[in-house]
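Everything below concerns the one structure shown next.
We did not get these values from a lab; they are worked out from the coordinates using the rules stated. The structure displayed is predicted, hence computed values, not measured ones. In this analysis, Cβ positions are derived from the backbone assuming ideal geometry, glycine residues included, and neighbour counts consider all displayed protein chains.
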Amino acid sequence: MRIVILGSGRGSNARAILQAQRAGRLGRGEVVQIFSDQPDAGILQLGAEFGVSAAHLDASPFKTKLEGEGEARYIKAIQACAPDVVVLAGFMRVIKPGFLDAFAGKIINLHPSLLPSFPGLDGIGQAWRRGAKITGCTVHHVTAEVDGGPIIDQAAVRVEAEDTLETLTAKVHAAEHALLPAVLARLSET
Ligand code: GAR
């Protein structure tokens with residue numbers, strides 16, 4: 001199962017996937033390419049560390065969505081990778097129908113809340129400010145509705161009385177690092 005990862009940030013979830021692959025815990029999954037829309041994103045440093053191709057890919061002209069010329073560049077570059085799965089691991093852009101159609105049924109996203117609660121930006125902070133007692137993370141299929149596609153799996157995190165936003169954030173990230181590779185391993189066996 002050929003996996004392409006898209007990310008905009010530090011890449012801790014991409015790292016979790018690559019570590020799972022290295023440890024033989026990714027089933028038939030193999031990361032073949034990492035792309036980032038941010039030229040200095042930490043996720044790109046994983047390429048050299050894990051021996052995987054990693055590149056910045058210009059997503060302009062828009063800042064918060066993937067559409068127009070940027071979308072066309074992404075479709076062409078990802079099609080060349082012949083992926084079975086495209087993983088959005090902290091890729092902070094709204095995906096539009098052109099990209100969805102090009103990889104129909106193959107795009108999955110990781111979100112740091114128990115969807116359908118707290119979609120959109122800062123899922124952990126939203127749950128924290130609302131006083132949620134249970135939050136967590138979700139892996140779901142990507143559709144045109146932001147954070148609204150069918151759920152593949154979730155992991156719950158209890159918010160304890162002694163938690164701060166920082167400790168809760170660390171717990172949700174740890175849950176993500178376990179959930180996403182496990183989902184990919186399972187998908188690779190089906
Ligand atoms: C993750 O917490 C992921 O759930 C979130 O970005 C972070 C990326 O971290 N994604 C979203 O909020 C998407 N709506 P990472 O770069 O360390 O993997």
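Legend: calculated FRET efficiency, residue 152 to residue 76, from the Cβ-Cβ distance at R0 = 30 Å, rounded to 0.05, equals 0.65. Couplings for segment 35-40, taken from phi via the Karplus curve 6.51 cos²θ - 1.76 cosθ + 1.60 with θ = phi - 60°, read 10, 10, 7, 10, x, 10 Hz in order; Gly and Pro are left as x. In this structure the amide hydrogen of residue 54, modeled in the peptide plane, comes within under 5 Å of the amide hydrogens of 34, none closer than 5 places in sequence on its chain.
Near residue 108: Cβ cut-off under 14 Å, other residues only, Lys/Arg at +1 and Asp/Glu at -1. The net charge is -1.
Report the net charge of residues surrounding residue 21, where surrounding means a beta-carbon distance below 11 angstrom and charges are Lys +1, Arg +1, Asp -1, Glu -1. The answer is +3. At the listed q of 0.10, 0.21, 0.23 Å⁻¹, the Debye profile of segment 1-91, built from one uniform point per Cα, gives log10 I(q)/I(0) equal to -0.23, -0.98, -1.16. Between the C-alpha center of segment 105-149 and that of segment 170-190 there is a gap of 15 Å. The alpha-carbon atoms of the chain, seen along their principal axes, cover 49, 37, 33 angstrom, with the largest extent given first. Within the same chain, lysines fewer than 8 places from residue 63 are excluded, and of the rest, those with a Cα less than 23 Å from its Cα are 76, 96. Taken about its Cα centre, the chain carries a charge dipole of about 200 debye when Lys and Arg each add +1 at the Cβ and Asp and Glu each add -1 at the Cβ. Estimated at 0.36 nm per residue, the fully extended path between residue 121 and residue 164 surpasses their Cα-Cα distance by 13.6 nm. When you filter the trypsin sites (Lys or Arg not before Pro) in segment 1-66 for DSSP loop state and at most 10 other Cβ atoms inside 10 Å of their Cβ, you are left with 63.
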